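The values are calculated or read from the model by the stated rules, or taken from the named source; none is laboratory data. Since the structure is predicted, the reported quantities are computational estimates derived from the model, not experimental observations. Cβ placement follows ideal geometry from the backbone for every residue including glycine, while neighbour counts extend to all protein chains displayed.
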Amino acid sequence: MSADLTLALIDAAATAIAENAEELTRLDQAIGDGDHGSNMQRGLQAILRQREALAALGPGEALQKAGMTLVTTVGGASGPLYGSLLMAVGKAAQAGKGWPEACAEGVEAVKRRGKSDVGAKTMLDVLVPVVEALAAGKPLAELRLTATASREATKEMLATRGRASFLGERSRGHYDPGATSTQLLIHAVCDVLEARA
Ligand code: ADP
Ligand code: MG
């Protein structure tokens, strides 16, 4: 991965989160504790501060370093979860695995860290179907649609993991904040890759 692709991905991710931080906070106010926007902002700001250093690394190392940054700077459940995702994807990439397989390992790391899986109204409800579509060789446009539809589907789900699970049935009728940030980040990555295709 070229240094300028790394820079473009970091900048696109940071912009997507900055532009939608209020919305992420609003969603987390409804079914959590209202910090998802600020948690994600803090993480992306820390990664932005390292953008030149990250761009100087290979993709596997850059992802691992960015993941560690998220684990250490973001409070809340989402920091360690997104951090585990990036660290595992980076580790697999560095071991020579292709992106679909590396991303699948990342998703498994999130499941282990969160003791969770699809159907619990979390970021996994977007991550799992998108990574499955990637493994099936679907084009970027389809990954984008899968992310949107999967995030939509979290609205009527019952939360059984994370803070939203404390609300029981009252968790229904609201989009999951983490599924929303995952969708935003996937769209940001697709935008950058499509612009270069
Ligand atoms: P916190 O819940 O600690 O306040 P955030 O608000 O930053 O952390 O992140 C909340 C999001 O994290 C949720 O919307 C959900 O998508 C995700 N999440 C929480 N717990 C889990 C879990 N056990 N497994 C997967 N994702 C989870
Ligand atoms: Mg929260």
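Computed quantities for the displayed model
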| item | result |
| --- | --- |
| So GLY76, is it on the phi > 0 side of the Ramachandran plot, touching a helix residue (DSSP H, G or I) at 6+ places or on another chain (Cβ under 9 Å) and within 16 Å of ligand 2 (Cβ to nearest atom) | yes |
| Residues satisfying the stated conditions in segment 118-158, i.e. within 13 Å of ligand 1 (Cβ to nearest atom), touching a residue at least 40 places away in the same chain (Cβ under 8 Å) and either surrounded by fewer than 20 Cβ atoms within 10 Å (Cβ to Cβ) or farther than 29 Å from GLY75 by Cα (or both) | GLY119 |
| The one condition in (1) hydroxyl-bearing (Ser, Thr, Tyr); (2) under 19 Å from LEU63 (Cβ atoms); (3) under 15 Å from the mean Cα position of the chain (by Cα) that SER150 fails to fulfil | (2) |
| Hey, ALA141 assigned to a helix (DSSP H, G or I), modelled with pLDDT under 95, over 22 Å from GLY32 (Cβ atoms) and away from ligand 2 (no atom under 16 Å from the Cβ) or not | no |
| Yes/no for ARG196 being of a type in the set (Lys, Arg) and within 16 Å of ligand 2 (Cβ to nearest atom) | no |
| Which listed residue, of ALA66, ALA120, ALA133, ALA46, is more than 16 Å from ligand 2 (Cβ to nearest atom), over 22 Å from ASN20 (Cα atoms) and among the small types (Gly, Ala, Ser) | ALA133 |
| Among (1) at pLDDT below 95; (2) touching a Cys at 6+ places or on another chain (Cβ under 8 Å), the one test that GLY75 misses | (2) |
| Unique match (being of a type outside the set (Phe, Trp, Tyr) and without any contact (Cβ under 8 Å) to a residue 24 or more places away in the chain) among GLY178, GLY173 | GLY173 |
| Residue under evaluation GLU105, criteria (1) at pLDDT below 95; (2) within 16 Å of the chain's Cα centre (by Cα), criterion not met | (1) |
| Lone unmet requirement of (1) touching a His at 6+ places or on another chain (Cβ under 8 Å); (2) within 13 Å of ligand 2 (Cβ to nearest atom) for GLY32 | (1) |
| In segment 159-170, residue surrounded by the fewest Cβ atoms within 10 Å (Cβ to Cβ) [restricted to those that are closer than 19 Å to ARG26 by Cβ and within 13 Å of ligand 2 (Cβ to nearest atom)] | PHE166 |
| Given (1) more than 12 Å from ligand 1 (Cβ to nearest atom); (2) in a loop (DSSP other than H, G, I, E, B), number of the condition ARG161 does not satisfy | (1) |
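Per-residue answers, yes or no, for (1) surrounded by fewer than 18 Cβ atoms within 10 Å (Cβ to Cβ); (2) in a helix (DSSP H, G or I):
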position	(1), (2)
GLY34	yes, no
LEU54	no, yes
THR72	yes, yes
CYS103	no, yes
